[in-house]
Amino acid sequence: MPKPFKKNKPVRKRDWQPGDMDTLSREGRSKREGNAPRDLREPEDYFSDVDANAIVVSPYGVLAFVEVDGEELLCKVDDALVDGKSSVLAPGDAVCVEVNDDESVVTGVRPRRNKLSRPAIGKDREQVFAANIDTAVIVASVARPAFNPGLVDRYLVAAQAGGVEPVICLNKIDLVDSEPEGIEHYRELGLRVYATSCTSTLGLDELRAALSGKISVLTGNSGVGKSSLVNALDPDFDLDTQEISESTKKGRHTTTSSRLHTLHGGIRIIDTPGIRQLGLWGVSPAELNYFFPELSQYAPQCKFRDCTHTHEPKCAVREAVEAGEITKARYDSYVRIRVSLLEDAKP
Ligand SMILES: Nc1nc2c(ncn2[C@@H]2O[C@H](COP(=O)(O)OP(=O)(O)OP(=O)(O)O)[C@@H](O)[C@H]2O)c(=O)[nH]1
Ligand SMILES: [Mg+2]
Ligand SMILES: [Zn+2]
């Protein structure tokens, strides 16, 4: 029997990269698509091998803001790319635009390299926040709203399920004297963690360097400071931001749609609206453990091949939790997310 790794041994960095995870998530999605209502079209119906001359900045109903030759243009989206009242486009999509003096038209969209998404309201279709991205920056605040590691774990699953490499941005670090407990563990898992403050500018140079020359997406709950980070990374920006509510201690959902911003220093960032509850698209309860690299490496040693790591005897994952090889917090996140996926699957 292979020996479990030593306590605190970092999980290899490449475990967080796209690749294997993408294959898994594709399987997950196809299962889901198999159950989808018949009137839904398959992704192949929309995506094709067109020559792209533009990138989507922000979809806008049946229209879309796109960037062509460094200029932003509002275009009509061809009916073939429209599903109901909105187009299938997402910020970051590589598109073919027919530029005309009167009305420019998006005529085609290339298949996506990866994406960050969730189930749309109604659950049987996907809402894509961002496509073709190099890094998903999971923004969490250390206070106001309070740090919530369970949420970070959920966003980590969403990023991996979409095939995007995640990093963590621990914002509002000016509000505390030290990093919240448990953060070090993410570093030990091989994740990059940037501690930042938009008010004191601490950590911003490091974040700028990490995002330079890339397309990233900022994701995280409302009020954690995603739009403030864009403004702080480039003083030319003045995106709307709002104080969190004094009564609920939560954000006020200030940003209402995803949009690609081009900042100084070759930084391209998609700012997204903070969401109340991040559903997970393309993740089945059975494959959830693959998105927890430190759990999944014990799974082959469980007595039962289909072990859910929740109650079964001779479960190597639970033994590793008891031995302190896997943190209780991460294991609890796994169990909680699993329960929510089972709930979501109910008709
Ligand atoms: N003290 C402190 N406050 C911050 C920091 N970053 C952002 N804030 C404040 O946090 C509040 C929310 O910031 P936003 O940038 O609107 O948050 P958001 O994540 O974009 O929120 P949504 O658009 O609703 O998803 C604002 O009052 C900001 O001034 C920080 O580093 N330190
Ligand atoms: Mg915002
Ligand atoms: Zn098990």
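Read-outs: derived from the displayed coordinates by stated rules, not from any lab. This is a predicted model, so every value here is computed, not measured. When we count neighbours, we look across all protein chains shown, and the Cβ atoms used for this are built from the backbone with ideal geometry, even at glycine.
Cysteines of the chain lacking any other cysteine Cβ under 4.7 Å from their own Cβ: C75, C96, C169, C198, C315. Note on the stretch 48-110: Cα-Cα pairs beyond 16 Å make up 30% of the total pair count.
For I267, the residues whose amide H sits under 5 Å from its own are G213, ignoring neighbours fewer than 5 places away on the same chain, with H placed 1.01 Å from N. For the stretch 211-244 versus the stretch 170-206, the spacing of their alpha-carbon centroids is 15 Å. Take the Cβ atoms of E71 and E98, set R0 to 22 Å, and the FRET efficiency comes out at 0.90. Size descriptor for the stretch 129-271, Kirkwood hydrodynamic radius: 15.1 Å (Cα pairs only, one decimal). Note on the chain: with a GNM built from Cα contacts shorter than 10 Å, the maximum mean-square fluctuation among T310, T272, T135 falls on T310. Less than 14 Å Cβ to Cβ from V62, Lys/Arg counted +1 and Asp/Glu -1: what total charge do the surrounding residues give? Spelling it out: positives minus negatives among the neighbours equals -2.
Counting only DSSP beta bridges whose two residues both lie in the chain, roughly 60 percent are antiparallel.
Backbone amide hydrogens, once placed in the peptide plane, bring C302 within less than 5 Å of A316, excluding anything fewer than 5 places away on its chain. Applying 1/(1 + (r/R0)^6) with R0 = 51 Å to the Cβ-Cβ distance of R144 and D45 gives a FRET efficiency near 0.70.
In the stretch 48-110, Cα pairs under 8 Å separated by at least six residues give a relative contact order of 39 percent. Note on the chain: Rg/Rh from C-alpha atoms, Kirkwood Rh, equals 0.98.
Amide H to amide H distances under 5 Å link V97 with N53, A54, T107, where only residues 5 or more positions off or on other chains count and H is placed in the peptide plane. Relative contact order of the stretch 129-271, taken over Cα pairs closer than 8 Å and 6 or more residues apart, is 27 percent.
Here r is the Cβ-Cβ distance between A323 and T256 and R0 is 56 Å; the resulting FRET efficiency, rounded to 0.05, is 0.75.
Per-residue 3J(HN,Hα) values for the stretch 246-251, derived from phi via the Karplus relation 6.51 cos²θ - 1.76 cosθ + 1.60 with θ = phi - 60°, read 5, 6, 8, 6, 10, x Hz in sequence order (x marks Gly and Pro). 3J(HN,Hα) along the stretch 255-264: 7, 10, 8, 6, 8, 8, 10, 9, 9, 4 Hz, from the Karplus curve 6.51 cos²θ - 1.76 cosθ + 1.60 with θ = phi - 60°, whole Hz, x for Gly and Pro.
Its relative contact order, with pairs defined as Cα atoms under 8 Å and 6+ residues apart, puts the chain at 17 percent.
Given the rule -39500 (n - 2.57) for each run of at least 4 DSSP H residues, summed and divided by the residues of the chain, what is its mean residue ellipticity at 222 nm, to the nearest 500 deg cm²/dmol? Provide the component values of the computation, followed by the final result.
Working: 8 runs with 80 residues, N = 347.
Rounded to the nearest 500, it is -7000 deg cm²/dmol.
Stretched out fully, how many nm does the piece from Q242 to K303 gain, at 0.36 nm a residue minus the Cα gap? Don't skip to the end; give the middle numbers.
Details: separation 61, 0.36 × 61 = 21.96 nm, distance 5.13 nm.
Length difference between fully extended and current span is 16.8 nm.
Counting only chymotrypsin sites (Phe, Trp or Tyr not before Pro) that DSSP places in a loop and that have at most 15 other Cβ atoms within 10 Å, the longest clean stretch of the chain runs over 6-303.
Can you give the Kirkwood hydrodynamic radius for the stretch 237-347, in Å, rounded to one decimal and based on Cα pairs? Could you put the intermediate results ahead of the total?
Details: mean 1/r = 0.0577 Å⁻¹.
Evaluated over the stretch 237-347, this radius sits at 17.3 Å.
Here the convex hull built on the C-alpha positions of the stretch 96-136 has a volume of 118 cubic angstrom per residue.
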